[in-house]
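Undergrad: What follows is a structure written as structure tokens; I'll ask about it next.
The values are calculated or read from the model by the stated rules, or taken from the named source; none is laboratory data. What you are looking at is a predicted structure, and each value in this text was computed from that prediction instead of being measured. Cβ sites come from the backbone with ideal geometry, for glycine too, and all protein chains shown count toward neighbours.
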Amino acid sequence: MSTSLPEPPPPIRIAPKPDPDAFPGEVEMSLVDHLEELRRRILRSLLVVVISAAGCLVVVKPLVRLLEMPADGIRFLQLAPGEFLFVSLKVAGYAGLSLALPWVLYEILAFVLPGLSRRERRLVAPAVAGSAVLFAAGLAFAWWALVPAALRFLVSYGADVVEPSWSIERYLDFVLLLMVATALAFQLPVLQLILGALGLIRARTMLSAWRWVLLTAAIAGAVLTPSTDPVTMLLLGGAITALYLVGVGLVALTEQLRPATGAEAS
């Protein structure tokens, strides 16, 4: 009587670990399809900007009064026919673009996301959210600190010689340019975080270049401010330096968390 041996159990297959550099959402598309998708997203973004600007045009007078608040006591003049009309369109355009920024960032994200790896995708949401928050913070900082400081200096400098009566167009050009330049300068920590998370630069390297950072911040403060007063340049240069140090801290934090993340994955 022969006995049959039990069959060996099937081998246990261990699923491979997901490659952090893999492209999970990659879709094969031709160049024409990519261009067509890009065209659709650009048109949708422009449509949202136009709709936002049109909505801001309806309430443009309260927006102009809000921008006039830092210049308390200054008399504004319309020096040419239709000057306030063009100013209204300009203010509505800037405000509409600022309001539509989250949607524009979403369209950019939706276009580039399928071509990003898993590691890069983990950076997208914090970078986009941080960019929008810092843009709004830059606008608020310019309106609350930079514009009043610059106006106080410029008005007090010639108060005993001239009476301040300003063109509404020149004043709003000054305010809008300063606010947008400050909002763009506030994107520095996001750029540092992306470069550090991708391993392109280290926190110690950025910190060791502090002398060049101070020089660059001073030059940026002089270039980005539409006025030539030292108060505004010092405030903006100091803000850029502080933002750079915040970015260094974020990069150092990602460097500390990276080994722990890798140990958990293994």
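Undergrad: Please list, ordered by residue number, the helices (runs of 4 or more DSSP H) wholly in segment 187-231 having 3 or more residues that are in contact (Cβ under 8 Å) with a residue 12 or more places away in the chain and closer than 26 Å to residue 154 by Cβ.
TA: In segment 187-231, 210-224 are the helices (runs of 4 or more DSSP H) which contain 3 or more residues that are in contact (Cβ under 8 Å) with a residue 12 or more places away in the chain and closer than 26 Å to residue 154 by Cβ.
Undergrad: Oh, and also: So, in segment 52-67, exactly how many residues are surrounded by fewer than 17 Cβ atoms within 10 Å (Cβ to Cβ) and either in contact (Cβ under 8 Å) with a residue 40 or more places away in the chain or assigned to a strand (DSSP E or B) (or both)?
TA: 2
Undergrad: Which condition number does residue 217 fail, the rest of (1) under 12 Å from residue 250 (Cβ atoms); (2) at pLDDT 80 or above; (3) aliphatic (A, V, I, L, M) being met?
TA: Condition (1) is where residue 217 drops out.
Undergrad: Out of contact with any Lys or Arg (no Cβ under 8 Å at 6 or more places or on another chain) and at pLDDT 85 or above, is that true of residue 262?
TA: Answer is no for this residue.
Undergrad: With the checklist (1) of a type outside the set (Phe, Trp, Tyr); (2) over 23 Å from the mean Cα position of the chain (by Cα); (3) surrounded by 13 or more Cβ atoms within 10 Å (Cβ to Cβ) in hand, flag the one item residue 97 doesn't pass.
TA: Answer for residue 97: the failing condition is (2).
Residues are listed down the side, and each one gets a yes or a no for (1) β-branched (Val, Ile, Thr); (2) modelled with pLDDT of 80 or more; (3) outside any strand (DSSP E or B):
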site: 76; (1), (2), (3): no, yes, no
site: 84; (1), (2), (3): no, yes, yes
site: 87; (1), (2), (3): yes, yes, yes
site: 96; (1), (2), (3): no, yes, yes
site: 99; (1), (2), (3): no, yes, yes
site: 102; (1), (2), (3): no, yes, yes
site: 127; (1), (2), (3): no, no, yes
site: 131; (1), (2), (3): no, yes, yes
site: 137; (1), (2), (3): no, yes, yes
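Undergrad: Please tell me if residue 237 is farther than 26 Å from residue 71 by Cα and either at pLDDT 85 or above or out of contact with any Lys or Arg (no Cβ under 7 Å at 6 or more places or on another chain) (or both).
TA: It is false that residue 237 is farther than 26 Å from residue 71 by Cα and either at pLDDT 85 or above or out of contact with any Lys or Arg (no Cβ under 7 Å at 6 or more places or on another chain) (or both).
Undergrad: Residue under question is residue 144, and the condition is that it be within 24 Å of residue 48 (Cα to Cα) and not in a loop (DSSP other than H, G, I, E, B); does it hold?
TA: No: the conditions fail for residue 144.
Undergrad: Please work out if residue 155 is closer than 30 Å to residue 81 by Cα, part of a helix (DSSP H, G or I), within 16 Å of the chain's Cα centre (by Cα) and in contact (Cβ under 8 Å) with a residue 60 or more places away in the chain.
TA: No; evaluated as a whole, the condition is false for this residue.
Undergrad: Take residue 32 and tell me if it is in a helix (DSSP H, G or I) and touching a helix residue (DSSP H, G or I) at 6+ places or on another chain (Cβ under 8 Å).
TA: It is false that residue 32 is in a helix (DSSP H, G or I) and touching a helix residue (DSSP H, G or I) at 6+ places or on another chain (Cβ under 8 Å).
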